[in-house]
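Derivation of every value follows stated rules applied to the coordinates shown; laboratory data play no part. Quick caveat: nothing in here was measured; it's all calculated off a predicted structure.
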Amino acid sequence: MKVTLLALVSLACSFQLSAQDSGHFCSDRQNANFVKDLTLDSKNLISFRNRGGIGMAGVCWWHSRFERNALYLTIYKPELAKPTNDEAIELIKQIRDAENVIEIPGYNNFFEFTSENKALIQSELEAWQLGDGLLRFAWIDGLSGDAKVEAWKLKGLMDEIYNDVEVNKNISYNKLQAPGILAHAWSVVHMEKVKGGYDLEILDSNTVGYSEHYEYREGDTFMRYHMDHAEVKVSTLQNLMDIAYQRDLQKDYKNPLILPGLEYHRWTVRHVKKVDGGYDLDVVVYSKNRETQNIIYKYKNGDARINYSVIKEEMKDFAHSFSFTPYLERTDEMDKINNAIARHCSSDESIVLGN
């Protein structure tokens, strides 16, 4: 698959893309793939995962849209003073509204900004959710489809998403209809036509700092959402393990490490030991009834997948997996984004992304 998975920032990372250079903001966006390429560096992504919301069911729809808006519309000016609390609230509202290009003073990138203002951003995401749900009934749009559909219909939906991603060159916001009233969302960064279907690279608000692969094949009537068996690029998993080791050396346990496809509340890294050819991780695995299993997980250089065979069967039932159908969300948000960039750049160059 000719797409590049995201990597958490490696201490030795030599390739970085940034949205912070205001002098090149307009010229950079003449390349319709520029914003997609920003996702190669997790510094340009939100720093925290989907959580909170009504009934503690998360704010995934709004988390994904907020991140996408920031990728397209923010410029960073670290040489300036950081915003006050009230100024930060206003900047967050501007990112949500996607009406203009937004200059963020005092920060190098979106990851830094969201790390230091997480509580303010979470509050805005929850207010956004509440406003859509109670005032505009937007949640109905996420519950209007079926989790499983006829094969011809799913093919049509996937063709539509491919056109949005690879023809229009958008980061495509999709709602995922699951059984009952359950609905999720993700952003599709890349799709590749392969024999008999598509391979997708997506950003999911339930993970932070890397993308995941999904496959659609003609004849499928649904896709399956997973959080417990992600396969990543070898260098991505290597970076994650390197970061875990560095955190252990620095005794940095404030933020639990989220390994690919694993939620921190059921796979907690306690200690990392460097060994020949890899790392030994002392971890605790949790089951949904809160039973625990202590294991030593052995990572070998070159691994591209977490090996779950070391986990007891009764622990694996905490996997979060369900069938779903993705639906392209038809909003005017990309039009707003394109118009904001065109206005900002009108004195220099008029740009409409995706053309």
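Some observations on this one:
- For Gly106, the residues whose modelled amide H falls within less than 5 Å of its own, excluding neighbours fewer than 5 places apart on the same chain, are Lys77, Glu79, Leu80.
- 25 Å Cα-Cα threshold exceeded, pairs from Lys82/Lys118; Lys148/Lys175; Lys153/Lys336: Lys153/Lys336
- Under Karplus coefficients 6.51, -1.76 and 1.60, residue-wise ³J(HN,Hα) of segment 40-52 in Hz, glycine/proline x: 5, 10, 5, 4, 8, 10, 5, 8, 9, 8, 4, 6, x
- Amide H to amide H, with H built 1.01 Å from N, Arg51 comes under 5 Å of Val59, counting only residues 5 or more places away or on other chains.
- Each residue of segment 195-212 is assigned a 3J(HN,Hα), and the resulting list reads 4, x, x, 9, 9, 10, 10, 10, 9, 10, 5, 8, 10, 10, x, 7, 9, 10 Hz, derived from the Karplus form 6.51 cos²θ - 1.76 cosθ + 1.60 (θ = phi - 60°), x at Gly and Pro.
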